[in-house]
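A short worksheet on the structure shown next.
The values are calculated or read from the model by the stated rules, or taken from the named source; none is laboratory data. These numbers were taken from a predicted model, which means no experiment stands behind them. All Cβ positions, glycine included, derive from the backbone under ideal geometry; neighbour counts span all protein chains shown.
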Amino acid sequence: MNTSQNGSMQAVVGAIVEYLHAHPLAADSADGVRRWWIGAQRAGPRLDEVESALDLLVERRVLRRLPLADGTVLYAPVMTTRQ
């Protein structure tokens, strides 16, 4: 990944995290994330960019994948418990 791609990825990751701060119970597909979570904040991310950002956030345990019976995968925040 070159510097430009890394910057683009970080912008997408940042937009997703920002959305989650405002909407902590959000859950959506990769395309829904692209259209609704990022659309108003960043013009035109490609679906593959969003999918890469979502993969990174799953790896970092910020998001989790929720597979549905029809094959659709939703992404939602990892819920933590406070003691």
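Brief remarks follow.
- Condition check for residue 4: at pLDDT 80 or above, over 26 Å from residue 79 (Cβ atoms) and over 13 Å from the mean Cα position of the chain (by Cα): no
- Taking the criterion of being assigned to a loop (DSSP other than H, G, I, E, B), modelled with pLDDT of 95 or more and within 20 Å of residue 17 (Cβ to Cβ), the only residue of the stretch 69-83 that qualifies is 78.
- Residues being aliphatic (A, V, I, L, M), farther than 15 Å from residue 75 by Cβ and in a helix (DSSP H, G or I) are entirely absent from the stretch 31-44.
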